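Novice: Dumping the structure here so I can ask a few things about it.
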Amino acid sequence: MKNKINKNIKTNPVICICNNVPKDRIEKAIVRGCNSLPKIYDATTAGVGPCGGSCRPILKKMLDHYLKTKEFLADPRKNNHKK
């Protein structure tokens with residue numbers, strides 16, 4: 001069971017730690033039409049936590065990359081590796 005949990009953390013990392021929002025939830029919101037940061041905030045609660053939005057640069061990177069390429073980054077916390 002531990003290996004499955006570790007694998008999930010690697011393939012679906014939590015992007016917004018304050019609100020525990022994983023990468024796949026943000027990607028689904030973008031695919032469903034969230035084409036701006038405020039729409040992502042509303043749909044996922046990412047970027048609006050008590051920290052003041054420290055994950056917003058990552059959200060912007062995810063959104064910008066998807067709008068440009070129609071692909072998601074493998075790990076948006078790192079430099080441009082495709083999934």
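The values are calculated or read from the model by the stated rules, or taken from the named source; none is laboratory data. Note that the coordinates shown come from a computational prediction; the quantities given were computed from them, not determined experimentally. Positions of Cβ are generated from backbone atoms using ideal geometry, with glycine treated the same way; all protein chains shown enter the neighbour counts.
Novice: Could you check segment 36-83 and list, in sequence order, the residues that are under 13 Å from residue 13 (Cβ atoms) and not in a helix (DSSP H, G or I)?
Specialist: Result: 46, 55, 72, 73, 74, 75, 76, 77, 78, 81, 83.
Novice: Among the numbered conditions (1) crowded, with 16+ Cβ neighbours inside 10 Å; (2) among the small types (Gly, Ala, Ser); (3) modelled with pLDDT of 95 or more; (4) assigned to a loop (DSSP other than H, G, I, E, B), tell me where residue 33 comes up short.
Specialist: (1)
Novice: Select, from 40, 9, 26, the only residue that is within 18 Å of residue 78 (Cβ to Cβ), modelled with pLDDT of 95 or more and out of contact with any Phe, Trp or Tyr (no Cβ under 8 Å at 6 or more places or on another chain). It would help to see each step written out before you state the result.
Specialist: Values: 40 fails: within 18 Å of residue 78 (Cβ to Cβ); 9 fails: modelled with pLDDT of 95 or more.
Just one listed residue meets the conditions, 26.
Novice: Hey, any hits in segment 55-62 for a residue that's surrounded by fewer than 16 Cβ atoms within 10 Å (Cβ to Cβ), without any contact (Cβ under 8 Å) to a residue 24 or more places away in the chain, of a type in the set (Lys, Arg) and touching a helix residue (DSSP H, G or I) at 6+ places or on another chain (Cβ under 9 Å)?
Specialist: Within segment 55-62, one or more residues are surrounded by fewer than 16 Cβ atoms within 10 Å (Cβ to Cβ), without any contact (Cβ under 8 Å) to a residue 24 or more places away in the chain, of a type in the set (Lys, Arg) and touching a helix residue (DSSP H, G or I) at 6+ places or on another chain (Cβ under 9 Å).
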